[in-house]
Amino acid sequence: MGVMRTKSIEQSIQETDEPEYQLKKKLGALDLTVFGIGVIIGAGIFTLTGRAAADYAGPSIALSFVLAAVCCGLAALCYAEFASTVPVSGSAYTFSYASLGELVAWIIGWDLLLELMLGASVVAQGWSQYATLFLDKLGITVPEAVAPGSAFDLPAFVLVVVLTALIAIGIKESLRVNLVLVAVKLFVVLFVIIAGLGFVNGANYSPFIPPSQAGEAVDGIQAPLIQVLFGLEPTTFGVLGIVSGAAIVFFAYIGFDVVATTAEEARNPQRDLPIGIIGSLVICTVLYVATTLVITGMVKYDQIDPEAALATAFEAVGKPGYATLIAAGAVAGLMTVVMTLIIGATRVTFAMSRDWLLPPALGRTNPRTGTPVRLTLIIGTVIALVASLTPIGKLEEMVNIGTLSAFALVSLAVPVLRKRRPDLKRAFTVPFSPVLPVIAALISIYLMLNLSVETWLRFIVWMALGFVIYFLYGVRSSRLARKDRDEPVPAREPADA
């Protein structure tokens, strides 16, 4: 079985013209940049900032955000080269199919589904908590029987259902709503920065890098894998605290890679995709660093509330009314994250079904909306049920490990494809290849090692399930497998009605 067979770039691009699998090219550079900002700025800035500053790095958490941005930036360069060279839906899955082979492509596609679907479920639950808080400030109480933390989280369910319907209607319509919500979110973030500057106390920055101290010991499957493998003692603050903080706030940057999943819907992918991927990452990094400097300047790092740093910082300086506005920003911000993650999940699954690694009927696009309606509804239903019925908070690290594994493989795929296909026209290239791609892969692997043994065990179970599906179905049913056996292409079915 040719599990390492590769799919040519030309074939991937040619298949985008098949009528029943054709997506509409409607997105420009601004759409893609807003799309990236919409998914990057979310749970991280509203929740991780306080926890990482209070527990790991103090005011130097700003440096943690810069370090995490550099790590993501290296991976972003690799994504930008691939997305502009192979403007096909599917992101890292499609890139690896062209360079590393079918089995690796399946592994990455399966990883991305873990990242995107689980990420959407986790963020939908976070949105539910902020939405309930916001409604409570307006005098509206959500019944306990269907509130966050109950047996059925109604707000999370309704959010995913509404967003799924919107995404099914069309990608351009979805991003119009996304543009409005991103504008609200950016307004709130800028408000926090500008309003907070007036309450900054320079004494709160001293020491900027708190002295290192022993961290809380964690044993068993809860301990980071690197600690178990090398017998390292956990530490917080100091220089290592900045590194640990970077591993934590890395979650705040997850999402720029989702821009690459819309490559096929970009009007000028060679120019617009690198702008969208790198531009959104740069803008978000500036906003993250500015926000953390303001918050740690307003409140001493050891007094920051890790659960709601932004809101409580203003309460601490006598401005409790600002908390309502910040809650509104969080509601808008998390909504855009859920929307873009659902879009990413449907586009990755769409690419896999178009390659027949999943049933091809799933990926048929609707001729009117230009979207895979059937697949969108299936993905949305699964996310809605997981978000509303599952106590999923403990699984957040699964999102990180799925993302990082994809980062590592995409980074390694860049020099591989350059060697195999030096003739390809590349509108954007990663500088200093193969050095930078290899560094990007090593950083991703290092951050993966900082995740708990428990997360690794769950990841292994998820991957084992993926291997079972691939070897029972995909390995014999894929387009390339049928081509190898000289089997006729199945008759085309009508597109979704």
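Couple of notes before you dig in:
- Helices (runs of 4 or more DSSP H) contained in the stretch 300-416 and holding at least 1 residues farther than 30 Å from residue 450 by Cβ and among the basic types (Lys, Arg): 322-354, 373-389
- When the residues of the stretch 428-437 are filtered to those that are surrounded by fewer than 16 Cβ atoms within 10 Å (Cβ to Cβ) and of a type in the set (A, V, I, L, M, F, W, C), the one that is farthest from residue 111 (Cα to Cα) is 432.
- Of all the residues in the stretch 446-486, those that are closer than 30 Å to residue 231 by Cα and loosely packed, with under 14 Cβ neighbours inside 10 Å number 4.
- Test: residue in the stretch 320-336 that is over 28 Å from residue 134 (Cβ atoms) and crowded, with 23+ Cβ neighbours inside 10 Å: no
Let's see how each residue does on (1) closer than 21 Å to residue 376 by Cβ; (2) aromatic (Phe, Trp, Tyr):
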{"residue": "70", "(1), (2)": "no, no"}
{"residue": "77", "(1), (2)": "no, no"}
{"residue": "80", "(1), (2)": "no, no"}
{"residue": "85", "(1), (2)": "no, no"}
{"residue": "110", "(1), (2)": "yes, yes"}
{"residue": "117", "(1), (2)": "yes, no"}
{"residue": "169", "(1), (2)": "yes, no"}
{"residue": "173", "(1), (2)": "yes, no"}
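- Verdict on residue 151 being of a type outside the set (Val, Ile, Thr) and in a helix (DSSP H, G or I): no
- Any hit, the stretch 383-395, residues being closer than 18 Å to residue 73 by Cα and surrounded by 16 or more Cβ atoms within 10 Å (Cβ to Cβ): no
- Within the stretch 73-98, residues that are among the acidic types (Asp, Glu) sit with their Cβ atoms under 9 Å from residues that are part of a loop (DSSP other than H, G, I, E, B), at 6+ positions apart or across chains, in these pairs: 81/426; 81/427; 81/428; 81/429; 81/430; 81/433.
- Hey, residue 125 more than 30 Å from residue 85 (Cβ to Cβ), out of contact with any helix residue (DSSP H, G or I) (no Cβ under 8 Å at 6 or more places or on another chain) and either of a type outside the set (Gly, Ala, Ser) or assigned to a helix (DSSP H, G or I) (or both) or not: no
- The stretch 228-266, residues that are at positive phi and without any contact (Cβ under 8 Å) to a residue 60 or more places away in the chain: 231, 238
- Considering only residues in the stretch 134-148 that are surrounded by 16 or more Cβ atoms within 10 Å (Cβ to Cβ) and either polar (S, T, N, Q) or not in a helix (DSSP H, G or I) (or both), the one that is nearest to the chain's Cα centre (by Cα) turns out to be 148.
- Only residues that are farther than 14 Å from residue 71 by Cα, part of a helix (DSSP H, G or I) and of a type in the set (A, V, I, L, M, F, W, C) were counted in the stretch 436-454, giving 2.
- Checked against the criteria, residue 13 does not count as surrounded by 23 or more Cβ atoms within 10 Å (Cβ to Cβ) and modelled with pLDDT under 85.
- Matching residues in the stretch 295-310 - criterion: being surrounded by fewer than 22 Cβ atoms within 10 Å (Cβ to Cβ) and over 24 Å from the mean Cα position of the chain (by Cα): 297, 300, 302, 303, 305
- For the stretch 28-55, filtered to residues that are outside any helix (DSSP H, G or I) and modelled with pLDDT of 80 or more, the residue that is farthest from residue 255 (Cα to Cα) is 28.
- When 109, 42, 149 are screened for being in contact with a helix residue (DSSP H, G or I) (Cβ under 7 Å, 6 or more places away or on another chain) and within 30 Å of residue 322 (Cα to Cα), only 42 passes.
- The sole residue among 167, 171 that is surrounded by 13 or more Cβ atoms within 10 Å (Cβ to Cβ), in contact with an Asp or Glu (Cβ under 7 Å, 6 or more places away or on another chain) and of a type outside the set (Lys, Arg) is 171.
- Of the helices (runs of 4 or more DSSP H) lying entirely inside the stretch 169-254, not one is found with 2 or more residues being hydroxyl-bearing (Ser, Thr, Tyr), out of contact with any Gly (no Cβ under 8 Å at 6 or more places or on another chain) and at pLDDT 80 or above.
- For the stretch 288-304, the criterion of being at positive phi and in contact (Cβ under 8 Å) with a residue 60 or more places away in the chain is met by none of the residues.
- Inspection of the stretch 151-162 finds a residue satisfying the criterion of being crowded, with 24+ Cβ neighbours inside 10 Å, over 16 Å from the mean Cα position of the chain (by Cα) and farther than 15 Å from residue 390 by Cα.
- Count - residues of the stretch 174-194 that are among the charged types (D, E, K, R) and farther than 13 Å from residue 334 by Cα: 1
The values are calculated or read from the model by the stated rules, or taken from the named source; none is laboratory data. Predicted model, so just to flag it, every value in this text is computed and none were measured. Neighbour counts run over all protein chains shown; Cβ positions are idealised from the backbone, glycine included.
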